[in-house]
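Shown next, in structure tokens, is the structure this report addresses.
The values are calculated or read from the model by the stated rules, or taken from the named source; none is laboratory data. All figures in this text were calculated on a predicted structure; none of them were measured in a lab. Ideal geometry is used to build each Cβ from the backbone, glycine not excepted, and the neighbour counts take in all protein chains shown. Surface areas here come from the heavy atoms of the whole protein model, side chains and all, with no ligands, DNA or RNA. Shrake-Rupley method; radii C 1.70, N 1.55, O 1.52, S 1.80 Å.
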Amino acid sequence: MKKLVIALIVAVFALPFAGMLAVPLLLSPAALAACQSAGQLVVTDVPDKLTAARRDGVSVTLGQKQLTHAATIITVGTGVEGVGRAGVLIGLMAALTESTLRMLANAAHPTSLNMPNDGVGSDHDSLGLFQMRPTSGWGTVDELMDPHYQVRAFFGGSSGPNFPSPAGLLDIPGWQAADPGSAAQSVERSAFPDRYQDYQPVAEAILTALTKPAAGAVDNGALLGSVPETSRFVFPLPSGTWVRSSGYGWRTDPLTGARAFHSGTDFSTAEGTPIFAAADGIVGWAGPSPGYGHLVVIEHTIDGKRVASAYAHMWASGIYVSVGERVTAGQHIADVGASGKSTGSHLHFEIRPGGSFEPSIDADQWFVQHGAEGLDASTSARASCAIGIPG
């Protein structure tokens, strides 16, 4: 695990940056929470079916056999050092896109038709969950019709059965720096590279439904089960010190020109500007993390439910809290910096109802709904209009 953490810290992720240009946040607090724990996810149950919407709105229903293959990807993947939750998510996205999580035989390899399978594919001579081709060196037909082998081959690395070529995820330099869909494409090398990102919400839904953190892995010792209830909410920056440089939601990635999702809100402000805790809570992460630079994640209990807030891009010297520490709303927890992939000082802020393992929402609207102190008039007006609150 120590090696995994070091590797993750060294890796450089593409992140939002200050000013008019910003790129999407690529590593969610969910992935960070997994890294903070033992690096493992435990499959707790495989339901009979699961329905989730793709990013383009198309509904996908998966049966128990498909979810069993998902469980194999999760279990095998988290057992490979360096993969973690972020890598497992990419693996699920790849298998969903390539086969809808089915072990597919192929008439191009007649022997595969007599092996356990979930159907017959027809893409060249591709086989299995990840549609790997024997003619491309991924393995023999017997090997590729084994789901465990395919998962190990997809993640690759020095212990992978295909090392050093074809390259698995761990063999792709800087895979952590890519959007998850782009990372999946770097392994699959599909003629349709933009398909993978559509399945990210489905992959997230699978992880939420099938897993929990490994037993005893509670955010570096923070007793998150005892997170105090909070009723006071504070905007994380002093009034009049910031300009919103990038909002929550879909936008054009200024580096790639591709459409990408930004899971937080960026506030451009001077280096050293104080950052306040948005609510009472317990610090679940405080330190370096891939993509965010230096990051603080605070877990809160609001109306009896878990909510996580995340604050990114501080310098190491600009963090004043530690894991397990209880903080109060408005407490000075850090100073704005420009660590990580950033071309200027700013705060990247996220709100995640349900806690670190859940998707983020629009922080502007959340602040208005909770009557946060220090919210500027323009934010209040814009967010109130969006959610239908009379101004």
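Some values worked out for this structure:
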read-out	value
Output for the range 347-364, where each listed residue is more than 22 Å from Gln176 (Cα to Cα) and over 16 Å from the mean Cα position of the chain (by Cα)	Asp362, Ala363, Asp364
Index of the failed condition, Ser165 passing every other in (1) in a loop (DSSP other than H, G, I, E, B); (2) open to solvent by less than 40 Å² (accessible area, probe 1.4 Å)	(2)
Number of the condition not met by Gly284 [criteria: (1) at pLDDT 90 or above; (2) outside any loop (DSSP other than H, G, I, E, B)]	(1)
Residue match in the range 63-79 (condition: farther than 18 Å from Tyr196 by Cα and in a loop (DSSP other than H, G, I, E, B))	yes
Tabulated pairs, the range 29-54, first within 22 Å of Gly284 (Cα to Cα), second at pLDDT 50 or above and among the polar types (S, T, N, Q), C-beta under 6 angstrom, 6+ apart or interchain	Pro29/Ser356; Ala30/Ser356; Leu32/Ser289; Ala33/Ser356; Gln40/Thr78; Leu41/Thr78; Leu41/Thr211
The range 308-331: number of residues that are outside any strand (DSSP E or B) and either open to solvent by 40 Å² or more (accessible area, probe 1.4 Å) or touching a residue at least 60 places away in the same chain (Cβ under 8 Å) (or both)	12
Qualifying positions in the range 238-250 - open to solvent by 40 Å² or more (accessible area, probe 1.4 Å), under 18 Å from His346 (Cβ atoms) and part of a strand (DSSP E or B)	Val243, Arg244
Cβ pairs under 6 Å, 6+ apart, first in the range 95-123 and in contact (Cβ under 8 Å) with a residue 12 or more places away in the chain, second of a type in the set (Ser, Thr, Tyr)	Leu96/Tyr199; Thr97/Tyr196; Thr97/Tyr199; Ala105/Ser112; Asn106/Ser112
Identity of the residue in the range 261-286, under 23 Å from Gly355 (Cα atoms) and open to solvent by 10 Å² or more (accessible area, probe 1.4 Å), that ends up nearest to the chain's Cα centre (by Cα)	Ser263
Tally of residues being without any contact (Cβ under 8 Å) to a residue 40 or more places away in the chain and farther than 22 Å from Asn114 by Cβ across the range 140-159	2
Phe130 modelled with pLDDT of 95 or more, crowded, with 24+ Cβ neighbours inside 10 Å and part of a helix (DSSP H, G or I)	no
